[in-house]
Amino acid sequence: MTTPAELGQSDRVVLETVLREAPIGVVVLDRELRIDCASRAAEADGPLTPADAGRRLFEAWPGVPDDVVIALRRVACGRASNVEMRSESPDWRADRMTISAVTDAAGNVAHVIWMWSDASGHARNGNGVVPWPRLPRPLR
């Protein structure tokens with residue numbers, strides 16, 4: 001997979017369109033956890049704006065729960081390629097989140113994709129669980 005920094009202009013427009021319309025929170029970070037881009041839903045859930053691109057996530061959004069911070073750092077440093085979790089923080093509205101590494105051709109972490117859904121606004125299946133796509137392997 002091409003990393004966000006390597007995208008051509010037309011590909012970048014497609015990525016920005018997807019992020020603008022995505023019904024889930026999505027933040028694309030580099031391996032130093034600096035913000036590359038975010039979905040509108042992510043901006044609505046936190047204090048993020050398009051002007052935060054290039055800033056470290058925790059400077060732009062200091063309220064990210066500690067358990068999420070730990071998971072983001074695990075993926076960014078390559079100790080995990082994919083983490084699916086629910087935050088234990090009572091202040092965090094997301095029902096489920098996935099944090100995945102995007103690796104370069106050499107297998108090094110190039111970007112981290114953080115995605116979450118807010119269960120309050122989504123249909124649940126018969127078991128009362130919000131369906132969430134599972135990633136079968138790390139993104140490349």
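All of the numbers you see were taken from the coordinates with simple rules; none came from a lab. The model shown is predicted, which means the values in this text are computed figures rather than measured ones. Cβ sites come from the backbone with ideal geometry, for glycine too, and all protein chains shown count toward neighbours.
Before moving on, here are some points about what is shown:
- In segment 20-77, one over the average inverse separation of all distinct C-alpha pairs is 11.5 Å, which is the Kirkwood hydrodynamic radius.
- Karplus-derived 3J(HN,Hα), 6.51/-1.76/1.60, for each residue of segment 16-30, Hz, glycine and proline x: 5, 5, 4, 5, 5, 9, 4, x, 10, x, 9, 10, 9, 10, 7
- Using a simple spin-label model with pseudo-atoms 7 Å out from Cα toward Cβ, ASP66 and ALA51 lie 3.2 nm apart.
- Only Lys, Arg, Asp and Glu carry charge here, each on its Cβ (+1 for the first two, -1 for the last two); on that basis segment 47-90 has a dipole of about 180 debye about its Cα centre.
- Calculated FRET efficiency for the pair GLU32/GLN9, C-beta based, R₀ 25 Å, to 0.05: 0.55
- Bins of 10 Å, starting at 0 and running to the largest distance - Cα pair percent for segment 1-113: 14, 48, 34, 4, 0
- A straight chain from CYS77 to PHE58 at 0.36 nm per residue would run longer than the Cα-Cα distance by 5.2 nm.
- Among 66-79, 36-49, the peptide with the highest mean count of other Cβ atoms within 10 Å heads the list, and the full ranking is 36-49, 66-79.
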